[in-house]
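A short worksheet on the structure shown next.
The values are calculated or read from the model by the stated rules, or taken from the named source; none is laboratory data. This is a predicted model, so every value here is computed, not measured. Cβ sites come from the backbone with ideal geometry, for glycine too, and all protein chains shown count toward neighbours.
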Amino acid sequence: MEKLDLSKKYKAYYTAKTKPELVHIEKAQFLSVRGKGDPSGEDYSQRIQALYSTAYTLKFILKSLGHDFVVAKLEGLWWFDEERFGNTTMDESPVAVPRSEWEYRLLIRMPEFVKENEVSTAINAVVSRKNLQLADEVELFEMNEGQCVQMLHKGPFSTEPESLKLILAFCEQNNLSRNGLHHEIYLSDFRKTPSDQLKTILREPVK
């Protein structure tokens, strides 16, 4: 049985240069769970656990049906209440907005052959067999970002504003405005990788 690796099939999606560039991102579907709060907190870790448990359970369900795949990289959409915190620029907001006030949507990209009923079966299995109640909040989510500015950020999350400043300058030079949520693709496992060796794609939908 051939195992589908989305990082190879959609190589451009999981690749970025170390300087800002304009790209077009295709429509895709994801396993997803939403949350709010500090990403160093326990709730964030539990939501990652629920998401991955569902993804691997779904993988084994699909494998039994003849459709095996590699579980893809973790991703995240991030946003905050802009009315409350004002009109901060993309490079200012990581510092200006408290970590406890950030909302997020964690994502793992899914193959096109994954269907709602199979996701529901996987969720029910995770809740009943592993007693992970947060899996009940996992859903199949479709996203179509279209035109984006992105770059590869190397190093700790705390230095992301330096890369975001470059993205902002690129947008201003090319008369591009924000048109969606801040998107991060975690090429490194931040639970195991030293912070100075992290690699993260930063992606901003624009128009």
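Condition first: at pLDDT 95 or above, under 16 Å from the mean Cα position of the chain (by Cα) and of a type outside the set (D, E, K, R). Can you find one or more residues in the range 122-137 that meet it? So far as the range 122-137 goes, no, none of its residues is at pLDDT 95 or above, under 16 Å from the mean Cα position of the chain (by Cα) and of a type outside the set (D, E, K, R). Of all the residues in the range 45-93, those that are of a type outside the set (D, E), touching a residue at least 60 places away in the same chain (Cβ under 8 Å), in contact with a strand residue (DSSP E or B) (Cβ under 7 Å, 6 or more places away or on another chain) and not in a helix (DSSP H, G or I) number 10.
Residues V97, V126, V119, V114: which one is crowded, with 19+ Cβ neighbours inside 10 Å, out of contact with any strand residue (DSSP E or B) (no Cβ under 8 Å at 6 or more places or on another chain) and over 28 Å from V149 (Cβ atoms)? Before you say what the answer is, go through the steps one by one.
Working: V97 fails: over 28 Å from V149 (Cβ atoms); V119 fails: out of contact with any strand residue (DSSP E or B) (no Cβ under 8 Å at 6 or more places or on another chain); V114 fails: out of contact with any strand residue (DSSP E or B) (no Cβ under 8 Å at 6 or more places or on another chain).
Just a single option satisfies the conditions, and that option is V126.
Residue count for the range 79-94 satisfying the condition of being surrounded by 12 or more Cβ atoms within 10 Å (Cβ to Cβ) and over 30 Å from D5 (Cα atoms): 9.
Just one of (1) closer than 24 Å to P39 by Cβ; (2) touching a His at 6+ places or on another chain (Cβ under 9 Å); (3) not in a strand (DSSP E or B) fails for A135. It is (2).
Scanning the range 30-45 for residues that are within 25 Å of G146 (Cβ to Cβ) and surrounded by fewer than 18 Cβ atoms within 10 Å (Cβ to Cβ) returns a single hit, R34.
Residue-by-condition table, conditions (1) of a type outside the set (S, T, N, Q); (2) under 24 Å from T159 (Cβ atoms):
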site	(1), (2)
S32	no, no
S40	no, yes
V71	yes, no
L74	yes, yes
L106	yes, yes
S120	no, no
